[in-house]
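Okay, structure first, notes after.
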Amino acid sequence: MPNNKEKDPDWKNDFPINQSEVTEVTRRQFAKFLCLVSGGLATGSAFVAAKAAFFPGKKVQGLHRVCSINELPVGGTRAFVLEGSSTPYVLIHLENGEFKAYEQKCTHLSCAVFYKPGSGKIECPCHNGWFDAMTGEVLQGPPPRPLPRLDVQVTGNDIFVTAAKEEA
Amino acid sequence: MSTFRRAQSQAHPNKTSTLMLAIVVLLILNVTIQIWLLYTGLNNALEHNKGIAFPAFIGSFTILIINCGLLYYLPRRRR
Ligand code: FES
């Protein structure tokens with residue numbers, strides 16, 4: 001049907017769309033869109049603040065026995081989980097005789113971290129992040145926060161962990 | 001009542017164009033600050049330092065108000 005060529009198909013009359021209107025964004029529209037994004041970000045911040053204020057994360061409750069002292073030689077580590085949670089923890093017997101317990105989850109992208117015996121450092125192999133085994137502080141690499149810590153209590157021959165006291 | 005609007009509408013298109021560009025740049029800057037605030041708030045609200053989440057929200061909200069205020073100064077469409 002060559003004579004139909006100039007005539008627009010019916011759908012174009014039913015749905016009149018102006019090409020330039022739909023593909024071009026004016027600076028005015030762009031500015032309004034930026035305001036929308038700004039509103040979205042403010043809402044996001046509001047959610048974060050509300051979550052932090054009203055729904056604090058569950059704390060570890062009470063004392064938990066991990067193992068006995070002679071199961072953990074100097075420089076040794078032991079991974080454990082607390083019942084009712086799936087967060088992996090690691091108990092470290094430091095060379096100076098102290099016991100330390102940390103979450104075995106890198107604060108960068110949640111890789112498992114390992115104690116490097118003899119160095120006093122905890123290593124994250126994923127992106128070469130290092131933590132101080134004494135305090136959990138970040139020594140180098142991409143992790144943004146120190147490793148979450150548990151307090152360790154040694155009673156008789158057994159090692160217990162409990163929630164770390166919040167330091168200000 | 002004569003407002004800035006009349007003078008603005010009579011100004012040379014080059015001027016309003018510059019103004020438009022300036023406003024868009026300001027908006028982009030503000031949104032960047034907000035992204036940073038959200039990131040900071042998230043990062044610190046996850047573990048311990050909860051104190052930063054609320055100030056970050058206040059800052060973000062203030063910037064939103066400023067952004068909406070800036071929209072008022074957009075030059076009128078030329079006809
Ligand atoms: S996940 Fe540990 S450094 Fe990236």
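The values are calculated or read from the model by the stated rules, or taken from the named source; none is laboratory data. Worth saying up front: this structure is predicted, and the values here are computed from it rather than measured. A quick note on method: Cβ atoms are made from the backbone with ideal geometry, for glycine too, and the neighbour counts reach across all protein chains shown. Heads up: the accessible areas ignore ligands, DNA and RNA and are worked out on the full protein's heavy atoms, side chains in. Shrake-Rupley method; radii C 1.70, N 1.55, O 1.52, S 1.80 Å.
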Practice problem: Could you tell me whether the stretch A:9-18 includes any residue that is loosely packed, with under 10 Cβ neighbours inside 10 Å, closer than 30 Å to B:Thr18 by Cβ, more than 16 Å from the ligand (Cβ to nearest atom) and more than 11 Å from chain B (Cβ to nearest Cβ)? | Solution: yes
Self-check item: Close pairs (7 angstrom Cβ cut-off, 6 or more residues apart or separate chains): closer than 21 Å to A:Tyr102 by Cα in the stretch B:41-65, assigned to a helix (DSSP H, G or I) and modelled with pLDDT of 75 or more anywhere
Solution: B:Asn44/B:Ile52; B:Asn44/B:Ala53; B:Ala45/A:Val48; B:Ala45/A:Lys51; B:Ala45/A:Ala52; B:Ala45/B:Ala53; B:Lys50/A:Ala52
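Name the strands (runs of 3 or more DSSP E) wholly within the stretch A:29-98 that hold at least 3 residues that are aliphatic (A, V, I, L, M)? Reasoning before the result, please.
Numbers: elements: A:64-68, A:77-81, A:88-93.
By residue number, A:88-93.
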Self-check item: Single residue of the stretch A:152-168 satisfying the filter (among the aliphatic types (A, V, I, L, M) and open to solvent by 60 Å² or more (accessible area, probe 1.4 Å)) that is nearest to the ligand (Cβ to nearest atom)
Solution: A:Ala168
Practice problem: Run B:Ile52 past the list (1) open to solvent by 30 Å² or more (accessible area, probe 1.4 Å); (2) modelled with pLDDT of 85 or more and report the number of the one that doesn't hold. | Solution: (2)
Quiz item: Of the residues A:Val25, A:Val81, which single one is in the same structural domain as A:Leu150 (by TED's automatic domain parsing), away from the ligand (no atom under 16 Å from the Cβ) and either touching a residue at least 24 places away in the same chain (Cβ under 8 Å) or open to solvent by 30 Å² or more (accessible area, probe 1.4 Å) (or both)?
Solution: A:Val81
Practice problem: Please specify each residue of the stretch A:125-151 satisfying the condition of being outside any strand (DSSP E or B) and either more than 21 Å from the chain's Cα centre (by Cα) or more than 12 Å from the ligand (Cβ to nearest atom) (or both). | Solution: A:Ala133, A:Met134, A:Thr135, A:Gly136, A:Glu137, A:Pro146, A:Pro148
Quiz item: If you check every pair at least six apart or on different chains, which have Cβ atoms under 9 Å apart with a residue in the stretch A:143-157 that is away from chain B (no Cβ under 14 Å) and on the phi > 0 side of the Ramachandran plot first and a residue that is open to solvent by 20 Å² or more (accessible area, probe 1.4 Å) and away from the ligand (no atom under 16 Å from the Cβ) second?
Solution: A:Gly156/A:Ile69
Practice problem: Could you tell me which numbered condition A:Asn96 fails, if it satisfies all but one of (1) open to solvent by 30 Å² or more (accessible area, probe 1.4 Å); (2) within 14 Å of the ligand (Cβ to nearest atom); (3) polar (S, T, N, Q)? | Solution: (2)
Quiz item: What number goes with the only condition from (1) modelled with pLDDT of 85 or more; (2) under 18 Å from the mean Cα position of the chain (by Cα) that A:Ser85 does not pass?
Solution: (1)
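Listed here are the residues, each with its yes/no results for (1) of a type in the set (D, E, K, R); (2) open to solvent by 70 Å² or more (accessible area, probe 1.4 Å); (3) within 13 Å of the ligand (Cβ to nearest atom).
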position: A:Tyr89; (1), (2), (3): no, no, no
position: A:Glu103; (1), (2), (3): yes, no, yes
position: A:Thr107; (1), (2), (3): no, no, yes
position: A:Gly120; (1), (2), (3): no, no, no
position: A:Glu123; (1), (2), (3): yes, no, yes
Self-check item: Matching residues, the stretch A:131-151, being over 16 Å from A:Phe99 (Cβ atoms) and open to solvent by 40 Å² or more (accessible area, probe 1.4 Å)
Solution: A:Glu137, A:Val138, A:Leu139, A:Gln140, A:Gly141, A:Pro142, A:Pro144, A:Pro146
